[in-house]
1. Compare 213, 191, 122, 82 by solvent-accessible area with a 1.4 Å probe and give them largest first, with all protein chains kept in place.
2. Using protein chains only and a probe of 1.4 angstrom, how many square angstrom of residue 201 are accessible, to the nearest 10?
3. Quick check for you: with a 1.4 Å probe and neighbouring chains kept, what is the accessible area per residue of the chain, in Å²?
4. Once amide H atoms are placed 1.01 Å from N in the peptide plane, what residues at a sequence separation of 5 or more from residue 149, or on another chain, have their amide H within under 5 Å of its amide H?
5. Residue 16's amide H: which non-local residues (gap 5+, or another chain) put their own amide H closer than 5 Å, with H modeled 1.01 Å from N in plane and none for Pro or chain starts?
6. Have a look at 44, 113, 84 and report the one farthest towards the positive end of the charge dipole of the chain, computed about the Cα centre with Cβ charges (Lys/Arg +1, Asp/Glu -1).
7. In Å and on Cα atoms, what radius of gyration and Dmax does the chain show?
8. Between residue 184 and residue 87, how many nm apart are label points set 7 Å from Cα along the C-beta direction?
Amino acid sequence: MAKILNEINNILLPRVCFGCNAQLSRGENVLCAVCRHEMPLTDYNFSDENPVDRIFYGRIPIKKAVSFLFFSKQGAVKQLLHYLKYKNQETVGSFLGEWCGAYLEDEENLKSVDIVVPVPLHPKKQKKRGYNQVTLFAKSISNAIQAQYRDDILIKVNNTKTQTKKGRLLRWENAQEVFEVNPIAKKSFQHILLVDDVITTGATIEACAKKLHTLGNVSVSVLSMAVVPKG
């Protein structure tokens, strides 16, 4: 019966590709086969140096930094993340997390990761949106690398406005003192994988990593859904 109802629902409300708005075929999910094939994967890994690593050089000790996709002002990645953040399509996060996680399952340098920590939203913003857009992505990654998902480590204490139209300096200034370590969080880990949606200047990751390093002898690696390439 449930299958029949789903078929009827798909006829009345056809599922569309979040990349190009074409109707999805049976077996396709979130993206059509064409858009999925054309998604700009970075092919970065947790072994070799890459441009995301270099964003944080001289700023904060990051063991390794990787992004899954390249973000541009036009294209399917921007469209996909717009649906995730602003169109109540939280499942985009798990779609990307499962896809990315399939590449990370055998990463030797992630086997020491104890916990996966999402960059938090301020409680007011999360209540308004209904979810943290990073949550399902981070949970899928934690499952793939067999690490514990922890969203009780970092808290966002200042409700900053969107950073998308601000320059590098303003982004950095606005990110400082925005995050704190949860004083009641229990520390039983050594290697943290910090997860975010898009890395632009690295200001948010830098601010979060600084707070995580106050926990003592911990290493921080970074993974994001996408990165804005320089140049």
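1. Reading off the accessible areas and sorting them downward yields 82, 213, 122, 191.
2. Its accessible surface works out to 10 Å², give or take rounding.
3. Computed with neighbouring chains in place, this is 54 Å² per residue.
4. 116
5. Excluding prolines and chain starts, which carry no amide H, the hits are 24.
6. 84
7. 18.0, 59
8. For the pair residue 184/residue 87, the computed spacing is 3.8 nm.
The values are calculated or read from the model by the stated rules, or taken from the named source; none is laboratory data. From a predicted model like this one, the values you see are computed outputs, not experimental measurements. All Cβ positions, even for glycine, are placed from backbone atoms using ideal geometry, and neighbour counts span all protein chains on display. For accessibility, only protein heavy atoms count, side chains too; no ligands or nucleic acids. Shrake-Rupley method; radii C 1.70, N 1.55, O 1.52, S 1.80 Å.
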